[in-house]
Amino acid sequence: MSSLTFNPTEKHIPISKPTDKLLKFLASRSELRKASPAWMRKLARRVLPVNRYDRFVWATKNPFVGTNKEWGYDGKSKSKVGIVFDPAHYHKYFMAACIDMQVSYEVIDIRKNDWIEIVNRSGCNAIVVWPLLSSMVLKEMVDERLRLINDNLRIEVYPPPGGVWLLDNKRRVRDWLMANGFDVPATWCFFTEEEANEFTAKTSYPIVFKTVRGSVSLGVVICRKKEEARKLIRDCFGKGVLPERSDPRNRQWDFVMFQEYLPEVEEKRMIRIGESYLCIDKVRIGDFHSGSGQMKWGNPEAKFLGLIKDVTEKGKFPSMNVDFFIARDGRILVNELHTLFHGPVVPDSDLKGRYLEQNGGWKFEQGNYYRNYCCNLRMENLLRSFNEDKADFTSWVKLPAF
């Protein structure tokens, strides 16, 4: 089963004002996209300038675009936060959280040449970020500039740059977990074709191929035979490979990663934001949990609450999602780390809420603490460190989580 697309050779339509008008029209017609057959959508992505089309589509999903809150908001808080602009518009969740809590914000585009002047001129007490992940270039840029904002401009970045650096990079996560002594699925990383081929000659099958970037099982292939793994190695050290639905320029090359195949594992998503802990169980469909489109509120038990506390304390991560595998042989393994995350709607249940450590144990509080994919909790965690007393820290919990 493959979710990879290989180096498209088709030339894209030249960029022009008429082309942008066409792209904006297509982006604004979600009914046309849904009605189009899969083969037509795939062909269109090979012919159209995908990066520009995607940005028009993403903008249609941000309810604040075109309103007086698109680039700023004056709330009742003493503090003002800068929200890093994301072309994919995931920064809308921080905007929504600030509006819920009546916190003033300014949206800041750090892609600009004069970004340092823009940040300094903003007068913000802190910078919050949903990292730019639509291209490898933008991810590299945001990793660099967040560290400079935090370490050199002396403006607090939330989530901190260390957690953002790990995001959307499975190799970095694997190496960080192993370097810090946490149990992970057996994972092999190769920067030479020779070493990768030696590995495939002696390993047992099936094994799992993963691209470094990509979520919801995009870029994941279960290799049941040596020949399948060898072909992926040739592509990685040749023309490169590309996760499905990714920007055609985001090809992975000169590197290959394999992971042990773990059949019928359970997967538990544990989340820590400040002192709040949440638990979600991923529902397996077919070969994968990620990308199945189904999740449910879970019971973490003290064991998993203790495990995520260990990981987040070690990394000093105030905002982190830790995905655990529970293998058939009883092993509990850390599979992935995400300092920010999104996903499908999680149906209501009595387990919807957060856990707080109290008197050596754990206390459960029901509520919509997952609202805006936990960006409200993130804002609360950040603002309390400023001794902010005018933000609305509580009433939003009664609002819908989605």
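Kindly write out, for segment 333-344 in residue order, the coupling ³J(HN,Hα) from the Karplus curve 6.51 cos²θ - 1.76 cosθ + 1.60 (θ = phi - 60°), rounded to whole Hz, with x marking Gly and Pro.
10, 7, 9, 8, 10, 9, 6, 9, 6, 8, x, x
Could you pull out every residue, at least 5 positions away or on a different chain, whose amide H is within less than 5 Å of the one on G367? Hs are placed 1.01 Å off N in the peptide plane, and Pro or chain starts have none.
G353, R354
Checking the cross-link filter: which aspartates and glutamates have an alpha carbon closer than 12 Å to that of K239, excluding same-chain neighbours under 8 positions apart?
Filter leaves D254.
Percent relative contact order of the chain, based on C-alpha pairs within less than 8 angstrom and at least six residues apart? Can you show the working numbers first?
Numbers: 705 pairs, mean separation 64.6, N = 402.
Contact order relative to length: 16 percent.
Among the listed pairs K314/K363; K363/K390; K202/K309; K69/K309, which have their C-alpha atoms separated by more than 31 angstrom in this model?
Working: K314/K363 23 Å; K363/K390 27 Å; K202/K309 37 Å; K69/K309 36 Å.
Where the Cα-Cα span goes over 31 Å, the pairs concerned are K202/K309; K69/K309.
Report the Cα-based extents of segment 254-361 along its three principal axes, largest first, to the nearest Å.
That works out to 45, 33, 28 Å along the principal axes.
Beta carbons within 10 angstrom, averaged per residue: use that to sort the peptides 111-119, 226-234, highest first.
On the way: 111-119: 13.7, 226-234: 16.9.
For the peptides 111-119, 226-234, the packing ranking is 226-234, 111-119.
Dipole magnitude of segment 38-166 about its Cα centre, charges +1 at Lys/Arg Cβ and -1 at Asp/Glu Cβ only, in debye to the nearest 20?
Numbers: 19 positive and 14 negative charges, 113 e Å.
Dipole size: approximately 540 debye.
Relative to the compact globular guide of 2.2 N^0.38 Å, what is the alpha carbon radius of gyration of the chain, as a ratio?
Details: Rg = 21.8 Å, N = 402, 2.2 N^0.38 = 21.5 Å.
So the Cα radius of gyration is 1.01 times the expected 2.2 N^0.38 Å.
Quick one: what Rg and Dmax do you get for segment 320-383 from the alpha carbons, in Å?
When restricted to Cα atoms, segment 320-383 yields Rg and Dmax of 14.2, 43 Å.
Using a ≥ b ≥ c from the Cα gyration tensor of segment 72-158 (square roots of the eigenvalues), is it rounded, prolate or oblate, where a/c under 1.5 gives rounded and otherwise the larger of a/b and b/c decides, a/b for prolate? Before the final figure, lay out the partial values.
On the way: a/c = 2.06, a/b = 1.32, b/c = 1.56.
Because a/c hits 1.5 or more and a/b fails to exceed b/c, segment 72-158 counts as oblate.
Counting only pairs 8 or more residues apart or on different chains, how many lysine pairs in segment 72-158 have their Cα atoms under 20 Å apart? All intermediate terms of the calculation are to be shown ahead of the outcome.
Working: K76/K92; K80/K92; K92/K112; K92/K139; K112/K139.
Taking segment 72-158 as the scope, the lysine pair count is 5.
Using a simple charge model, +1 on the beta-carbon of Lys and Arg, -1 on the beta-carbon of Asp and Glu, nothing else, what dipole does segment 160-265 show about its Cα centre, in debye to the nearest 20? Mind dumping the intermediate values first?
Details: 17 positive and 15 negative charges, 59 e Å.
Its charge dipole is roughly 280 debye.
Please list, in chain and number order, the residues 5+ apart from G82 or on another chain whose amide H is under 5 Å from its amide H, with Hs placed from the backbone.
It is E106, N125, A126, I127, V128, by chain and number.
Each residue of segment 165-172 in order: what ³J(HN,Hα) in whole Hz does its phi give by Karplus 6.51 cos²θ - 1.76 cosθ + 1.60, θ = phi - 60°, with x for Gly and Pro?
4, 6, 5, 6, 8, 5, 5, 4
What's the magnitude of the charge dipole for the chain around its Cα centre, counting Lys and Arg as +1 and Asp and Glu as -1 at the beta-carbon? Answer in Debye, nearest 20.
Details: 63 positive and 51 negative charges, 260 e Å.
Its charge dipole is roughly 1240 debye.
Leaving out same-chain residues fewer than 8 places away, which lysines sit with a Cα under 17 Å from that of K282?
The qualifying lysines are K268, K296, K352.
So how do 195-203, 121-129 stack up, highest first, on mean other-Cβ count within 10 Å?
On the way: 195-203: 15.2, 121-129: 19.2.
Put in order of decreasing packing, that is 121-129, 195-203.
No value in this document is a laboratory result; all are computed from the given coordinates. Remember, predicted model here, so these are calculated numbers, not experimental data. Every residue, glycine among them, receives a Cβ derived from its backbone with ideal geometry; neighbour counts consider all protein chains shown.
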